[in-house]
Amino acid sequence: MSDGFQAVFAELRDIMLRAGQGMTVARDESGDLELRTPGIDPKTGKPGWFGIVNMKKTYVAYHLMPLYADPRLASCVSLALAKRKHGKTCFSFTKPDPVLFAQLERLTAIALASVLSR
């Protein structure tokens, strides 16, 4: 992995941890962060997924699982941020982007409120 990806991962990891306060850190290893919800998923009997940040071969992925569970959150995704979106929950980055990272932090905070209100 490039040093650039390390910097992107570090920033996105910090965003996920700050905006996802109250979630359980299930894994926090080099290049891999996983947060789980405090509630139990009735399908699996385990805490639900909240977010994942991990380094891939060609990008750093930021998964925000409440986007899948609450379709209303899609309206909170800016057009610029949507260009970074893969599937329903993943945003990819190859370099730091302060504007998009600020939007992602706000989106993650909104997602947290959605999870906690259920």
Exactly one of F91, F50 is within 14 Å of the chain's Cα centre (by Cα) and in contact (Cβ under 8 Å) with a residue 60 or more places away in the chain, and that one is F50
Quick check: anything in region 38-48 surrounded by 14 or more Cβ atoms within 10 Å (Cβ to Cβ) and farther than 19 Å from K88 by Cα?
-> yes
Spans of strands (runs of 3 or more DSSP E) in region 19-112 with at least 1 residues within 22 Å of G4 (Cβ to Cβ) and in contact with a helix residue (DSSP H, G or I) (Cβ under 6 Å, 6 or more places away or on another chain) = 32-40, 47-55, 60-64, 90-93
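Since every read-out is calculated from the coordinates, none of them should be taken as a lab result. All values reported here derive from a predicted model rather than from experimental measurement. Reconstructed Cβ throughout: ideal geometry from the backbone, glycine too, with neighbour counts over all protein chains shown.
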